[in-house]
Number of protein chains: 2
Amino acid sequence: MKPLTINFARMKETIEYSAKVGEIPNNGLCRLALSKEDKAMREQFQEWMIEAGLEVRVDDFGNMYGRRKGQTNLDPLVVGSHLDTQPNGGRFDGVLGVLSALEAIRTLNDYEIETYRSIEIVNFANEEGARFEPPLLGSGGLAGVFSKEYVYNRQDRDRKVFKNELAEIGFKSDEKNRLQRAHAFLELHIEQGPILENERITIGAVEGIKGMSWLEVKVTGEGGHAGPTPMPLRKDAMMAATSMIAHIERKCADADGDLTVTVGRLDVKPGAVNCIPEKVVFSVDVRHLDDEIREKFIAEEKAVLHEMAADRKVDLETEMLWEVDTSTFHEDIIFQVSKSAERLGYSNRRLYSGAGHDAKYMNDFTATGMIFLSSVDGKSHVESELTLDDDIYKGANVLLDAMIHLADNKE
Amino acid sequence: MKPLTINFARMKETIEYSAKVGEIPNNGLCRLALSKEDKAMREQFQEWMIEAGLEVRVDDFGNMYGRRKGQTNLDPLVVGSHLDTQPNGGRFDGVLGVLSALEAIRTLNDYEIETYRSIEIVNFANEEGARFEPPLLGSGGLAGVFSKEYVYNRQDRDRKVFKNELAEIGFKSDEKNRLQRAHAFLELHIEQGPILENERITIGAVEGIKGMSWLEVKVTGEGGHAGPTPMPLRKDAMMAATSMIAHIERKCADADGDLTVTVGRLDVKPGAVNCIPEKVVFSVDVRHLDDEIREKFIAEEKAVLHEMAADRKVDLETEMLWEVDTSTFHEDIIFQVSKSAERLGYSNRRLYSGAGHDAKYMNDFTATGMIFLSSVDGKSHVESELTLDDDIYKGANVLLDAMIHLADNKE
């Protein structure tokens with residue numbers, strides 16, 4: 001049987017709609033978790049699910065599910081991603097995974113296809129972690145990685161609390177609505193890196209997710225007026241912090257090429273031109289496929305940073321905000337993604353993800369896999385993030401085909 | 001004649017009152033220019049001036065004057081400083097200069113002393129520049145350094161405009177109320193540095209103010225997700241900026257000991273843990289007694305920064321936010337400060353100021369000088385800023401004595 005294909009014009013309409021909800025200049029999206037923009041998008045998504053005949057429910061983490069009944073009551077196939085974005089995010093990251101799942105459901109409806117298992121599509125809450133740290137709160141809560149209390153008590157920079165904000169947008173519902181069991185989980189996502197584009201390959205069959213650590217470094221020196229204090233008498237938190245970051249970068253360059261280090265956040269106190277910084281707090285994001293290499297890098301750098309702090313007579317505190325080991329997806333799901341791409345005649349390869357995804361925690365919950373699509377210039381988490389229409393169309397077709405096969409699995 | 005002395009208990013009361021208007025933890029003050037706290041303090045100061053029998057007026061920059069009539073209509077002696085503070089400021093910086101001028105007036109009233117010239121005490125608007133950059137807007141406007149239009153159009157970080165905020169707090173008045181002419185200007189201030197304390201000297205007779213430059217550096221790279229982009233493909237604005245700052249610090253350490261460099265402000269875009277920074281903007285405050293050395297340092301560093309930016313393939317823009325040359329005060333005023341200290345039996349020395357003050361621009365307007373008092377641990381622009389009661393008392397006495405002598409000058 002020839003593989004089915006989705007209705008791309010229809011899918012494109014949903015993408016364009018989503019791109020307006022929280023739109024910012026230069027084709028960007030700012031749709032922070034549990035914001036009023038997130039609320040508006042969730043309400044529209046709920047409407048679309050109802051129109052597609054799905055049974056909709058929301059759980060206590062704000063995760064949204066839409067169930068399409070199968071012929072049996074066996075564990076369902078679950079497919080989806082997230083609709084929230086970074087503050088200067090693009091219109092594809094996460095969004096494509098949810099909207100391609102919706103489009104696949106619509107296509108199944110078009111062809112009146114009954115699957116053996118039920119299929120549930122899902123929008124996970126606060127995947128990005130841009131508003132409430134850490135990321136993956138919805139899927140992590142579902143998978144039991146985070147306790148309900150932990151998730152509920154997360155605060156944004158304005159000290160607003162997750163639990164209250166979730167209730168405020170009307171998506172705080174019942175624990176009994178959580179996904180109980182699943183046959184498998186499949187997530188389509190943009191690659192957010194350059195590999196597929198460089199090799200001109202359409203489909204990535206994701207083998208797993210690289211381990212990562214988020215370290216927070218707090219440097220406390222001594223404030224003072226920028227003018228009169230001679231340099232040797234200063235305990236300047238900014239000068240200490242920047243020399244530490246420069247050291248981290250040099251060490252990373254010396255390490256093997258797979259290691260990545262990013263300092264994405266840096267706050268200065270008091271933050272005035274003519275005040276010697278008293279306190280600087282910065283984040284360090286470290287990733288590597290080999291957990292031991294990542295852990296060793298962090299341990300060594302922490303030791304060096306403490307020495308540097310002692311030399312400069314500033315105080316240093318470090319806190320591990322988040323840490324996950326490398327995870328490997330289920331071989332059957334990886335294989336099904338490659339097979340569906342082959343059936344459709346699309347080029348494909350296996351690869352690891354450098355970024356975290358809801359699939360990371362869903363992998364603890366059920367057999368999991370991902371489909372990656374090419375990102376132009378490897379960019380994401382920026383307004384200029386772009387995945388071409390042709391790739392979106394092909395990716396959604398692979399998702400549809402894999403969904404049909406996985407939902408028809410009788411074992 | 002034995003020198004008069006002030007009523008310290010009375011002066012202390014005004015200091016304590018001021019320390020509550022915008023109080024923050026750890027003895028700090030946050031009384032940003034034209035804020036509601038600044039308004040409250042201005043209203044109280046106005047009341048105190050009226051109670052002391054002064055003729056009060058406010059000019060179009062929000063500078064407040066109180067005039068005590070002399071025997072003649074010759075140009076007045078002007079004495080004062082500013083009541084606004086840094087966001088994490090202390091209770092002495094600027095405040096002491098205004099309140100000791102008020103106390104000196106009250107003492108002249110106590111003894112019913114008539115001076116030959118009138119005396120005006122003054123509170124200058126937005127000295128700190130913490131809310132509206134650059135600093136010294138009130139005194140700079142008065143001295144003709146800044147145009148009225150320039151001052152009025154300054155914006156804070158929330159894009160609120162100086163002109164509107166000044167009207168909002170009820171201190172936008174008439175251009176005709178500006179100080180027209182002055183015989184001399186004298187400002188008492190804390191040293192904000194360690195010299196007097198280290199040498200256990202009570203009074204500093206300030207010879208002038210070191211030149212300074214405020215440079216803004218904008219580094220624009222390429223954003224992206226922290227995970228998947230390999231390090232060699234990145235154009236990370238944070239890594240570029242921190243290596244630039246580290247270079248600036250090293251070069252400063254190599255330069256002669258009088259040079260100071262401070263990076264007090266650094267903003268990151270987008271500022272999320274897992275986003276490669278696309279843009280980093282930081283300030284560089286450079287000071288030196290020798291204008292040529294300062295200018296050469298900046299020119300050389302700018303050239304190096306451009307090379308570093310080119311190596312890293314990031315864009316670099318620099319903008320000089322503010323630049324002033326070293327200025328030297330009037331010999332007669334410096335001499336009078338030393339002489340008054342001698343008359344009172346207080347140890348004293350001449351020194352230059354590393355920080356900017358209203359006296360800087362008043363030096364362009366009239367014969368100017370300053371009195372410095374010791375800062376504990378050399379600290380200022382922090383909550384823990386401290387000047388001891390004994391030093392405050394002695395400083396105010398020197399101010400009073402110098403005021404009497406300068407206001408009785410017939411030439």
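The residues in the stretch B:215-240 that are modelled with pLDDT under 95 and either charged (D, E, K, R) or crowded, with 21+ Cβ neighbours inside 10 Å (or both) can be counted, and the count is 9. If you go through the stretch A:312-343 one residue at a time, how many are among the basic types (K, R), away from chain B (no Cβ under 14 Å) and not in a helix (DSSP H, G or I)? Total meeting the criteria: 0.
Look at the stretch B:324-353: where a residue is touching a residue at least 60 places away in the same chain (Cβ under 8 Å) and a partner is among the β-branched types (V, I, T) and in a loop (DSSP other than H, G, I, E, B), sitting 6+ places away or on another chain with Cβ atoms under 6 Å, you get B:Y346/B:T202; B:S347/B:I201; B:S347/B:T202; B:R349/B:I201.
Against the definition (under 21 Å from the mean Cα position of the chain (by Cα), more than 8 Å from chain B (Cβ to nearest Cβ) and either more than 30 Å from A:D38 (Cα to Cα) or not small (G, A, S) (or both)), how does A:E187 come out, yes or no? Yes; evaluated as a whole, the condition is true for this residue. Residues in the stretch A:121-179 that are farther than 26 Å from A:L266 by Cα, hydrophobic (A, V, I, L, M, F, W, C) and in a helix (DSSP H, G or I): A:L142, A:L166, A:A167.
Residue-wise test of (1) assigned by TED's automatic domain parsing to the domain that holds B:E385; (2) in contact (Cβ under 8 Å) with a residue 24 or more places away in the chain; (3) in contact with a Leu (Cβ under 8 Å, 6 or more places away or on another chain).
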| position | (1), (2), (3) |
| --- | --- |
| B:K12 | yes, yes, no |
| B:S18 | yes, yes, yes |
| B:E23 | yes, no, yes |
| B:R31 | yes, yes, yes |
| B:D38 | yes, yes, yes |
| B:M41 | yes, yes, yes |
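Suppose we keep only residues that are in contact with a Phe, Trp or Tyr (Cβ under 9 Å, 6 or more places away or on another chain) and away from chain A (no Cβ under 14 Å) within the stretch B:115-136. Which one would you say is farthest from B:F185 (Cα to Cα)? My answer is B:A125.
Rundown of residues vs (1) under 16 Å from the mean Cα position of the chain (by Cα); (2) at pLDDT below 95; (3) in the same structural domain as B:P134 (by TED's automatic domain parsing), yes/no style:
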position	(1), (2), (3)
B:E331	no, no, yes
B:V337	no, no, yes
B:E342	no, no, yes
B:R350	no, no, yes
B:F365	no, no, yes
B:M370	yes, no, yes
B:L373	yes, no, yes
B:S384	no, yes, yes
B:T387	no, no, yes
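Listed conditions (1) surrounded by 21 or more Cβ atoms within 10 Å (Cβ to Cβ); (2) in contact (Cβ under 8 Å) with a residue 24 or more places away in the chain; (3) of a type in the set (A, V, I, L, M, F, W, C) are all met by B:L74, apart from (1).
The values are calculated or read from the model by the stated rules, or taken from the named source; none is laboratory data. The model shown is predicted, which means the values in this text are computed figures rather than measured ones. Reconstructed Cβ throughout: ideal geometry from the backbone, glycine too, with neighbour counts over all protein chains shown.
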